[in-house]
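What follows is a single structure, written as structure tokens, with notes after it.
Nothing in this text is a laboratory measurement; each read-out follows from the coordinates by a stated rule. Quick caveat: nothing in here was measured; it's all calculated off a predicted structure. Virtual Cβ from ideal backbone geometry, glycine too; neighbours counted across all protein chains shown.
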Ligand code: S3P
């Protein structure tokens, strides 16, 4: 997102939240369904795809290289006509990844092996500041050629497609984006590749690539070793995208904190690599019931009912971080409203998200009167004092915008939120859902 001139949104304090809400499709799974559909043979149909700015960026890049993707709109079944594993064409202009780190990082892996073709990728001001060497460097072990500013670390990036070789590659960070880029590159390398992660990150790519027919095996301790044998052709599939637990998290925290709240979030993806937020909320004593547990197209799904009750402070660190990395901003809000000291550590990755989320959350919540110490890799939050409504700013970050919205409901006095439209990156109907659940 770039800076905006839209008027700040008014956020009224008080009131409660009641009812049922269906959060939009999972962002990570939506990107993958589009990408894998584009390089499969035949048609992929996608139900529940997130109709938001980030997946729209992925679709636009893929269209520019010859994949046919039907218009993305809420409630629409999306059709992707794949071009096959090596069918993506050289685009005649720059590929714009918008605000989306997942688009850019997965695209680097996808394009690195398109021998003889050249690609340039860029994005908005936030994305052009995010580190990309963490993908380019391990990809280079397969023979990839990625160049860019800061010794290949920052977009605009140029990819000169090359014939790749298989390799055993350890990733520098537990990042599903880095892992997925390598898996995509490995699909057309000469020889098998094994990707080894320092800790197990979200495994949507592994699940979905297997479903599309890739020859992929997961082994090693905690599934940290993933081996791809190239050569298997991907076949178009029907993908059902569950609701995004990272979007559900805003309602879970709001429902647990706001007096009288009773919310049911329907159809939430409960992949165990994503449910760290539920573990922390449970540790805090939140009342959350998982109803109607089921499996949908290879991903566990359930409905989550949350009611308000007293919460304890929490403490979590590096070991759980890959399972809740996107939920740290809203958990920081939760910590402000329970008595005692909460500790977040091992969270330095938050500093290279859409914004420096540790700094931005500390800055914005302190403006409301929160007592927060910022550390290089985390936050200490002394909760229990009341927060006051004030002039807030999402600083262009979707998860910050929605986290601050929840904080503003619990403040004494109304707030305003500048750049609230950032929410559309992952949850375009957030403000409508909020208005409906309050009435
Ligand atoms: C994502 C992985 C995570 C997450 C991001 C989406 C993905 O990033 O923060 O929102 O879809 O693979 P990292 O892989 O950098 O941890």
Could you tell me how many degrees, from 0 to 90 and to the nearest 10, lie between the Cα long axis of helix 398-409 and the main elongation axis, the longest principal axis, of the Cα atoms of the chain? 10
Two-decimal Rg to Rh for the stretch 253-356 - Kirkwood Rh, Cα set: 0.97
Given a Förster distance of 45 Å, the FRET efficiency implied by the Cβ-Cβ spacing of residue 380 and residue 222, rounded to the nearest 0.05, works out to 0.95
Find how much the distance from residue 89 to residue 436 grows on full extension, using 0.36 nm per residue of separation minus their present alpha carbon separation; answer in nm with one decimal. 120.4 nm
Considering only DSSP beta bridges with both partners in the chain, what is the antiparallel share in %, to the nearest 5? 70
Taking the Cα of residue 238, stepping 7 Å toward and past its beta carbon, and measuring to each backbone N in the stretch 78-100: which are under 18 Å? 78-82
Which whole-number percent gives the relative contact order of the chain, counting Cα pairs below 8 Å spaced six or more residues apart? 18
Using alpha-carbon coordinates alone, the radius of gyration and Dmax of the stretch 1-144 in Å work out to 17.5, 60
Report relative contact order for the stretch 24-76 in percent, whole number only (criteria: Cα-Cα under 8 Å, sequence separation at least 6). 42
If we count other beta carbons within 10 Å of each Cβ, what is the order of 414, 397, fewest first? 414, 397
So the FRET efficiency between residue 363 and residue 388, C-beta based with R0 = 22 Å and rounded to 0.05, is 0.90
Gain upon complete extension [residue 12, residue 199; 0.36 nm per residue less C-alpha separation]: 63.2 nm
Per residue, the convex hull volume that the Cα atoms of the stretch 204-318 enclose (Å³): 108
As a check on your grasp of the helix formula, calculate [θ] at 222 nm for the chain: sum -39500 (n - 2.57) over DSSP H runs of n ≥ 4, divide by the residue count, round to the nearest 500. -9000 deg cm²/dmol
How large are Rg and Dmax for the chain when calculated on the C-alpha trace, in angstrom? 21.1, 62
Full-extension gain between residue 192 and residue 70, please, as 0.36 nm times their residue separation minus the C-alpha to C-alpha distance. 40.5 nm
